[in-house]
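Below you'll find the structure, written out as C-alpha cells, and then a few comments.
The values are calculated or read from the model by the stated rules, or taken from the named source; none is laboratory data. Predicted, not measured: the structure shown is a model, and the values here were computed from it. Here the Cβ positions follow ideal geometry from the backbone for every residue, glycine too, while neighbour counts run over all protein chains shown.
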Amino acid sequence: MESETKEQTLQQTIERLTGELEKEKRKNKSKEKILDAAINMFSQKGFDNSSTSDIAKEAGVAEVTLFRNFQSKNNLLYQILSPLFIKMTSPIILKEVKSQFSAVEGASEEVLISIFKDRLDLIEKNNKVVQVLLREALNREEILESIVNNITIPAKKEALEFVQRMKDKGEFRDVQEQAVVDLLFYTMFGYVLSHHVFQIETFSNEQDEVVETLVDLLLNGLKSN
C-alpha cells in the first residue's frame with residue numbers, strides 16, 4: 001500500500017512537472033514571438049512609432065501577454081538590446097579584440113582587416129538588432145552613453161595602443177595617434193550607419209572587398225605613388 005501511495009505521488013509529480021514544462025514552453029514561445037515582432041517593427045518604424053498593440057498583433061498574441069512577459073515597452077526594448085551589448089562587451093570578446101590589436105607579428109593591414117571583418121560579422125549576424133540600437137541611440141541619451149562607455153571607450157583604448165606600436169615599428173608615420181584612432185572609428189561606424197541603418201548602397205555587395213578597400217584607403221590614402 002505504501003509503495004502504491006509513493007507511485008501515485010510520483011505519477012502526480014510527473015504530471016505536474018510535465019504541465020509546468022509545457023506551460024513554460026508555451027510562455028517562451030510567446031516571448032520569442034513578441035521579441036521577433038518587436039525587433040522587426042522597431043528596426044522598420046522606430047521605437048516611438050511602434051505600439052504595443054501592433055507588436056502583439058504582429059506576434060499573434062494578446063497585448064496582455066506582452067505586458068505579462070515584459071511589463072513595459074521600454075523593458076521590451078532593453079531585453080532586445082541587452083544580449084547584443086553582452087556579445088560585444090563580454091570579457092571573451094574584449095580579450096579577442098585586445099588580442100587582435102596586440103598581434104605583434106601581424107602587419108597593420110592584416111590586423112585592421114581582421115578586426116574590421118570580425119566586428120562586421122558580428123553586426124551582420126545581429127543586423128536588425130543593430131539597426132534598432134543605432135536608431136534609438138540617436139534619440140536616447142542613455143543608449144548612446146551605453147555604447148560610448150561599454151563599446152567605444154574600451155575599443156579606442158586598444159586601438160590607441162595599436163597605433164602607438166605601429167608607429168614604433170615604423171609602419172605608421174609620425175602623426176597624432178588620437179587622430180588616427182578617430183579616423184579608424186569614423187570609417188567603421190560610418191560604414192555601419194550607412195549600410196545597416198540608412199541602407200545606402202556601397203560600391204560592392206561583398207563585405208570582404210569593402211573591408212579590404214577601406215583598409216587600403218586608410219593606410220595608403222588617395223594619392224598615387
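Okay, here's what the table says:
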item	result
Residue check, N139 touching a Lys or Arg at 6+ places or on another chain (Cβ under 8 Å), farther than 24 Å from L219 by Cβ and not assigned by TED's automatic domain parsing to the domain that holds F47	no
Helices (runs of 4 or more DSSP H) within segment 124-199 that include 2 or more residues over 13 Å from the mean Cα position of the chain (by Cα) and within 16 Å of S108 (Cα to Cα)	153-169, 177-192
So E158, is it in the same structural domain as K117 (by TED's automatic domain parsing), within 24 Å of F85 (Cα to Cα) and either loosely packed, with under 11 Cβ neighbours inside 10 Å or touching a strand residue (DSSP E or B) at 6+ places or on another chain (Cβ under 9 Å) (or both)	no
Residues of segment 37-77 that turn out to be in a helix (DSSP H, G or I), exposed (fewer than 15 other Cβ atoms within 10 Å of the Cβ) and either within 23 Å of the chain's Cα centre (by Cα) or aromatic (F, W, Y) (or both), as a count	4
Cβ-Cβ under 8 Å pairs, at least 6 apart or on other chains, segment 67-84 side without any contact (Cβ under 8 Å) to a residue 60 or more places away in the chain, far side in a helix (DSSP H, G or I) and of a type in the set (S, T, Y)	F67/T52; N69/S30; K73/T52; L76/T52
Failed item in (1) crowded, with 17+ Cβ neighbours inside 10 Å; (2) modelled with pLDDT of 90 or more, with S30 passing the rest	(2)
